[in-house]
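K.L.:
My structure is below; once you've seen it, I'll send some questions.
The values are calculated or read from the model by the stated rules, or taken from the named source; none is laboratory data. Remember, it's a predicted structure, so these values are computed and weren't measured experimentally. Here the Cβ is made from the backbone with ideal geometry for all residues, glycine too, and neighbour counts use every protein chain on show.
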Amino acid sequence: MDLRDFFSAHPRPAVAFSGGADSAFLLWSAVRWGAQPTAYYVKTSFQTDAEDADAQQLAESLSVPLRVIRLDALAQDGVAANGPRRCYFCKKAIFTAILSQAAADGCGVVLEGTNASDDVDDRPGWQALQELGVLSPLRLCGLTKPELRRLSREAGLPTWDKPAAACLATRIPTHTPITAAALDRVARAEAAVTALGFSDFRVRLTAEGCRLELTEPQLFRALSQRETLVETLSPLVGTVSLDLTPRQSSVQIADSFLHDAVAELQCNLDDMTGEDIAFASSRLLDAGALDVWTAPIYMKKNRPAVLLTCLCPVQRVEEFTRLMLRHTTTLGVRRRDCGRTMLHRTVTQRDGIRVKCAGGDGIAKEKAEFDDLAARAMEQNCTLAEVRKTLHL
């Protein structure tokens with residue numbers, strides 16, 4: 001069975017939706033294969049405001065109705081005590097609420113996003129799903145986490161590289177009672193660490209304060225920002241310790257790098273002014289060219305000229321060829337198709353400065369957006385180097 005067959009058999013499903021990579025791909029797949037899903041987001045004290053906003057935005061982008069069900073998770077039997085089966089009691093309460101609302105809405109079946117990579121043997125919550133008759137299409141169809149991330153990337157879903165966001169209750173040690181105050185401390189601490197530019201991490205409460213768990217590429221930066229992290233987290237959670245055993249990244253892609261195809265469009269210009277060439281280049285960039293550049297060349301009879309190159313997606317070659325013919329004096333445009341290998345790229349913020357991060361196959365790079373650096377340097381009347389030092393870049 002594949003997802004197309006599944007949604008053909010279940011055309012009006014209720015989808016338990018968190019806004020994460022798994023449930024987002026499941027919801028997109030339902031729409032893709034002609035179903036009419038309704039998304040159900042259960043709001044508890046175990047989710048952050050950022051997760052709420054992500055779920056709302058994604059449901060809107062897919063034009064899927066989103067029902068928000070509010071549930072006091074800490075009031076459910078067996079949850080606040082935080083025993084080893086806490087997840088069972090929590091999942092049972094959450095999906096009982098979804099089942100009730102979905103039945104009232106006329107949905108035929110309730111779905112959730114467990115995939116074929118998830119180890120369900122030691123997950124008490126999985127038992128609750130089985131007891132309630134909730135279906136897991138991604139698992140039924142054999143889709144692994146790397147596969148659904150790859151497919152999500154190809155579909156243009158913004159969640160394709162979104163780190164897993166386990167509920168805030170997982171930050172509190174088993175057998176330590178869960179309180180609203182403790183959850184709030186965790187939420188504020190993790191928001192503060194995110195604001196410093198870190199991602200895919202955990203702030204786990206301990207008897208003394210908290211333990212910060214980071215992926216390997218971020219450990220070195222954390223050490224260089226040790227004082228900032230301590231100053232930021234201590235008022236929220238007390239003593240701060242750093243786990244030197246790297247946390248395994250929750251974003252595992254099937255291939256180490258990204259691969260695609262691009263086209264190089266070129267023309268020789270020997271009768272245009274520099275200003276006119278700059279205007280033509282800006283029009284290409286405004287239209288969405290991947291890059292545009294010029295290089296000095298010599299043509300026949302040793303005439304000085306300019307080589308104009310436009311890099312664009314292969315599916316938009318005709319559009320950019322027309323722009324080059326329209327805005328330059330050339331009579332012809334050459335085309336060369338190229339394969340391209342890239343690092344995975346994301347953009348985060350560090351103290352209000354956009355930072356471009358790239359990585360893959362053990363490679364990790366980051367670079368601050370120059371315009372943001374320049375604006376901060378002007379605002380503070382300092383040098384670019386001083387701004388970079390403050391941001392640990």
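K.L.:
Step by step: first the residues of the stretch 340-373, then only those that are out of contact with any Leu (no Cβ under 7 Å at 6 or more places or on another chain) and in a helix (DSSP H, G or I), then the one that is surrounded by the most Cβ atoms within 10 Å (Cβ to Cβ). Which residue is that?
P.N.:
In this case the residue turns out to be 372.
K.L.:
Which one of these does residue 127 not meet: (1) surrounded by fewer than 19 Cβ atoms within 10 Å (Cβ to Cβ); (2) assigned by TED's automatic domain parsing to the domain that holds residue 68; (3) closer than 17 Å to residue 23 by Cβ?
P.N.:
(3)
K.L.:
Could you list all residues from the stretch 55-85 that are closer than 25 Å to residue 10 by Cβ and either assigned to a helix (DSSP H, G or I) or assigned by TED's automatic domain parsing to the domain that holds residue 187 (or both)?
P.N.:
Listed by number, the residues that qualify are 55, 56, 58, 59, 60, 61.
K.L.:
Mind listing just one residue for me: the one in the stretch 51-104 that is over 17 Å from residue 23 (Cβ atoms) and in contact with a Pro (Cβ under 9 Å, 6 or more places away or on another chain) and, of those, surrounded by the most Cβ atoms within 10 Å (Cβ to Cβ)?
P.N.:
Out of the qualifying residues, it is 86.
K.L.:
Show the residue pairs meeting these rules: Cβ distance below 6 Å; 6+ apart or different chains; first residue within the stretch 318-331 and not assigned by TED's automatic domain parsing to the domain that holds residue 276; second residue of a type in the set (Val, Ile, Thr) and in a loop (DSSP other than H, G, I, E, B).
P.N.:
Note: no pairs meet the criteria.
Results for (1) farther than 20 Å from residue 24 by Cα; (2) touching a residue at least 40 places away in the same chain (Cβ under 8 Å); (3) in a loop (DSSP other than H, G, I, E, B); (4) outside the structural domain of residue 9 (by TED's automatic domain parsing), shown as yes or no for each residue.
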{"site": "91", "(1), (2), (3), (4)": "no, no, no, no"}
{"site": "113", "(1), (2), (3), (4)": "no, yes, yes, no"}
{"site": "117", "(1), (2), (3), (4)": "no, no, yes, no"}
{"site": "121", "(1), (2), (3), (4)": "yes, no, yes, no"}
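K.L.:
Please verify whether the stretch 20-33 includes one or more residues that are part of a strand (DSSP E or B) and of a type in the set (Phe, Trp, Tyr).
P.N.:
no
K.L.:
Test residue 96 against the stated conditions and say whether it is modelled with pLDDT under 95, β-branched (Val, Ile, Thr) and within 26 Å of residue 175 (Cβ to Cβ).
P.N.:
Details: modelled with pLDDT under 95: no; β-branched (Val, Ile, Thr): yes; within 26 Å of residue 175 (Cβ to Cβ): yes.
Taking the combined requirement at face value, the residue does not satisfy it.
K.L.:
Are any residues in the stretch 259-296 within 22 Å of residue 337 (Cβ to Cβ), over 35 Å from the mean Cα position of the chain (by Cα) and hydrophobic (A, V, I, L, M, F, W, C), and if so, which ones?
P.N.:
267, 295
K.L.:
Filter the stretch 130-140 down to residues that are within 21 Å of residue 19 (Cα to Cα) and not β-branched (Val, Ile, Thr), then give me how many there are. Steps first, answer last, please.
P.N.:
Initial filter on the stretch 130-140 (within 21 Å of residue 19 (Cα to Cα)): 134-140.
Now drop any that are not not β-branched (Val, Ile, Thr), which leaves 135-140.
Looking only at that region, the number is 6.
K.L.:
Here's something else I'd like to know. Any residue that is at pLDDT 90 or above and out of contact with any Ser or Thr (no Cβ under 8 Å at 6 or more places or on another chain) - is there at least one of those in the stretch 113-120?
P.N.:
no
K.L.:
Which pairs do you get when a residue that is in the same structural domain as residue 92 (by TED's automatic domain parsing), found in the stretch 135-147, comes within reach of a residue that is surrounded by fewer than 16 Cβ atoms within 10 Å (Cβ to Cβ) and part of a helix (DSSP H, G or I), reach meaning Cβ atoms under 9 angstrom, with the pair 6+ apart or on two chains?
P.N.:
141/5
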